[in-house]
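Nothing in this text is a laboratory measurement; each read-out follows from the coordinates by a stated rule. Everything numeric here is computed off the predicted structure, so don't read it as measured data. Cβ: placed from backbone, ideal geometry, glycine included. Neighbour counts: every protein chain shown.
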Amino acid sequence: MTERNGHPAEAAAGPVFRTDGLVKVYKTGAVEVQALRGVDFTAAAGEFVVLLGPSGSGKSTFLNIVGGLDTATSGTAFFRDTELTALGDRELTRYRREHVGFVFQFYNLVPSLTALENVALVTEISRAPMAPEDALALVGLAERLDHFPAQLSGGEQQRVAIARAIAKNPDVLLCDEPTGALDSRTGIQVLDALVKVNEDLGTTTLVITHNVAIREIAHRVVRFGDGRIVAEETIETRKRPADVTW
């Protein structure tokens, strides 16, 4: 679905995400914290974007708003032609269910369920899901379907979490530090799974990381600082995860 160099082939189809002047202010009593300070951003269909920046730079707040988990104080955010910043709680819930897959640093698997059963939980409430077996095969776990989380390594558990996120066939996959709890060898396996999903399914993928080396697998890198986008870079020659040095 995507090209290995430059931007994905679908880029001309128009943005999947667009934000204009996105602002988020958190208030605790008399204290105000400005997490986002007017963020303008676009992501094309099938694009793999890495979001870099120090803690507190606004990356996670931004991801939560475009993912429908949080709301903006001002500015606009669009998913295709739908203005997310105009939706209520029920509409945002439907948006998340139908269009967005989430992967976080911690796997949040149900310990008493097998890998297959953990993935099947999501497909039961999805409109047009993948077979759970197919989702697990896509991330390299076809032989681990009947294993419980305690029988899986950290990297395997994270790949189950990715399979769970993609099993509902989301348009976008939003990942917040998906390799943050993993060593480099295991992290590379997880990144391989994310790249394969992006290439095979054409899923627009945004990945937050503190690991600057991961930028080399992206179509584009967006750097946050102090609640703003401070730099953007197109990666002309992408690397495979196995070729990235941590």
**Prompt:** Rg to Rh for the stretch 81-216: what is it, with Cα atoms only and Rh by Kirkwood?
**Reply:** 0.97
**Prompt:** Which three lengths, in whole Å and largest first, does the chain cover when its Cα atoms are put on their principal axes?
**Reply:** 50, 41, 37
**Prompt:** How much mean residue ellipticity at 222 nm does the chain get from its helices, if each DSSP H run of length 4 or more adds -39500 (n - 2.57) and you divide by all residues, to the nearest 500 deg cm²/dmol?
**Reply:** -8000 deg cm²/dmol
**Item:** Debye, to nearest 20: dipole size of the chain, +1 on Lys, Arg Cβ, -1 on Asp, Glu Cβ
**Value:** 360 debye
**Complete:** Summed over the other residues with a beta carbon less than 14 angstrom from that of Thr76, with K and R at +1 and D and E at -1, the charge totals -1
**Request:** Quick one: plug the Kirkwood hydrodynamic radius of the stretch 24-89 (C-alpha pairs) into Stokes-Einstein at 20 °C, 1.002 mPa s, and report D in µm²/s.
**Result:** 163 µm²/s
**Request:** Enumerate lysine pairs in the chain that are 8 or more residues apart or on different chains, then count those whose Cα atoms are under 23 Å apart.
**Result:** 4
**Fill in**
In the stretch 9-243, taking the dipole from +1 charges on Lys and Arg beta carbons and -1 charges on Asp and Glu beta carbons about the Cα centre, the listed residue (Leu138, Gly155, Gln105) farthest towards the positive end is Gln105
**Prompt:** Of all DSSP beta bridges in the stretch 9-243, what percent run antiparallel (nearest 5)?
**Reply:** 60 percent
**Prompt:** So what are the ³J(HN,Hα) numbers for the stretch 132-141, from phi and the Karplus equation (6.51, -1.76, 1.60; θ = phi - 60°), rounded to whole Hz, Gly and Pro as x?
**Reply:** x, 4, 5, 5, 5, 5, 4, 9, x, 10
**Asked** Expressed as a whole number of Å, what is the distance separating the alpha-carbon centroids of the stretch 180-246 and the stretch 118-157?
**Response** 22 Å
**Asked** In percent, what relative contact order does the stretch 9-243 have, based on Cα pairs under 8 Å that are 6 or more apart in sequence?
**Response** 26 percent
**Message:** Using the Cα centre of the chain as origin and beta-carbon charges of +1 (Lys, Arg) and -1 (Asp, Glu), tell me which of Pro170, Leu69, His219 is placed farthest towards the positive end of the dipole.
**Reply:** Leu69
**Message:** Based only on Cα atoms, what mean projected area does the convex hull of the stretch 58-113 have, in nm²?
**Reply:** 5.0 nm²
